[in-house]
1. Go through region 26-84 residue by residue and tally those that are aliphatic (A, V, I, L, M), in a loop (DSSP other than H, G, I, E, B) and at pLDDT 90 or above.
2. Being in a loop (DSSP other than H, G, I, E, B), surrounded by fewer than 17 Cβ atoms within 10 Å (Cβ to Cβ) and touching a strand residue (DSSP E or B) at 6+ places or on another chain (Cβ under 7 Å) is the filter here; which residues of region 90-120 pass it?
3. Hey, does region 190-202 have a residue that's surrounded by 18 or more Cβ atoms within 10 Å (Cβ to Cβ) and within 24 Å of Lys76 (Cα to Cα)?
4. Considering only residues that are of a type outside the set (Phe, Trp, Tyr), touching an Asp or Glu at 6+ places or on another chain (Cβ under 9 Å) and under 14 Å from Tyr94 (Cβ atoms), which ones fall in region 130-171?
5. Here are the criteria: (1) over 16 Å from Gly131 (Cα atoms); (2) among the small types (Gly, Ala, Ser); (3) free of Cβ contacts under 8 Å to residues at least 40 places away in the same chain. Tell me which single one Gly242 does not satisfy.
6. May I ask you to say which residue of Ala199, Ala206, Ala217 is outside any strand (DSSP E or B) and either at pLDDT below 95 or of a type in the set (A, V, I, L, M) (or both)?
7. For region 129-178, how many residues meet the condition of being surrounded by fewer than 18 Cβ atoms within 10 Å (Cβ to Cβ), assigned to a loop (DSSP other than H, G, I, E, B) and hydrophobic (A, V, I, L, M, F, W, C)?
Amino acid sequence: MMKKTIYFLVLLILPISLIAQKADKIIKKPLLKREKSFGINFNSDGWGVGYRLGKAITYKNKKTWDINFSFIGDSKQERQLWISASSSAKSFFYGKLEYFYGLQIMRGRQKIIAEKPYWGGVEIRWFYYGGLNVGIGKPIYLYVFDQATNNSVVLEKYDPTKHEIEDIFGRGPYTKGLSELSIHPGLSFKLGLNVEFEAFQEKTKAFEAGIIVDTYAIPIQIMGLNEPEYFKIRLFLAFRFGSRYNK
């Protein structure tokens, strides 16, 4: 579904960029050199939020810091629920070893490829970023049926070699496992298109689409039946809003 949405956005962007390039006259307003924006990202394996801080070096080029925090899942995860008339069990993802998060701090550039016409419309930019990636994993605890009594439930860290789906009663408290966080340092790279449609120069509103590559020096394993991974490739859509100004 996410891939189809991204393909649709790309198909939408292409004709818009052609329309923007047909403008006979572009009026360049005084350049506002600095820009800051916030973003909501919808990724092919989760979602996240971001902050961006940029400075124009020419009318068409900008250097930018890009910071993102993401909740990263797995395409194979599927929510399960133990069914009982009197059950208070919480749903869980069978086979999921840990909750995984990513913090990316990147540096890069944006470049205008289709300027906004004098009558308004949109402005198209392409961008690239690269920098530090820190993955954070938190183990998942589940309530499972006690093998000794088979009547009560106990809280245990999920172990795919030990816990079958029929052994699981429900999801445990999120706070359990916070003392067992794992850190996975690495690098991230981002490439994409930015479609800006804000009518006022002092503000910015934009949609983005692109690809992110995350690498890890210490492999990650979100699902118990998967092999440990040294990198992940993610597609994303984003909505950004912010302001431009001079100091």
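The values are calculated or read from the model by the stated rules, or taken from the named source; none is laboratory data. Quantities reported herein were computed from a predicted structural model and do not represent experimental measurements. Positions of Cβ are generated from backbone atoms using ideal geometry, with glycine treated the same way; all protein chains shown enter the neighbour counts.
1. 1
2. Lys90, Ser91, listed by residue number.
3. Yes.
4. Those that are of a type outside the set (Phe, Trp, Tyr), touching an Asp or Glu at 6+ places or on another chain (Cβ under 9 Å) and under 14 Å from Tyr94 (Cβ atoms): Ile140, Leu142, Val144, Lys162, His163.
5. With respect to (1) over 16 Å from Gly131 (Cα atoms); (2) among the small types (Gly, Ala, Ser); (3) free of Cβ contacts under 8 Å to residues at least 40 places away in the same chain, Gly242 is out only on (3).
6. Unique residue meeting the criteria: Ala199.
7. Within region 129-178, residues that are surrounded by fewer than 18 Cβ atoms within 10 Å (Cβ to Cβ), assigned to a loop (DSSP other than H, G, I, E, B) and hydrophobic (A, V, I, L, M, F, W, C) number 1.
Residue-by-condition table, conditions (1) farther than 30 Å from Ala199 by Cα; (2) among the charged types (D, E, K, R); (3) under 24 Å from the mean Cα position of the chain (by Cα):
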{"residue": "Ala114", "(1), (2), (3)": "no, no, no"}
{"residue": "Trp126", "(1), (2), (3)": "no, no, yes"}
{"residue": "Gly131", "(1), (2), (3)": "yes, no, yes"}
{"residue": "Leu142", "(1), (2), (3)": "yes, no, no"}
{"residue": "Ile165", "(1), (2), (3)": "yes, no, no"}
{"residue": "Pro185", "(1), (2), (3)": "yes, no, yes"}
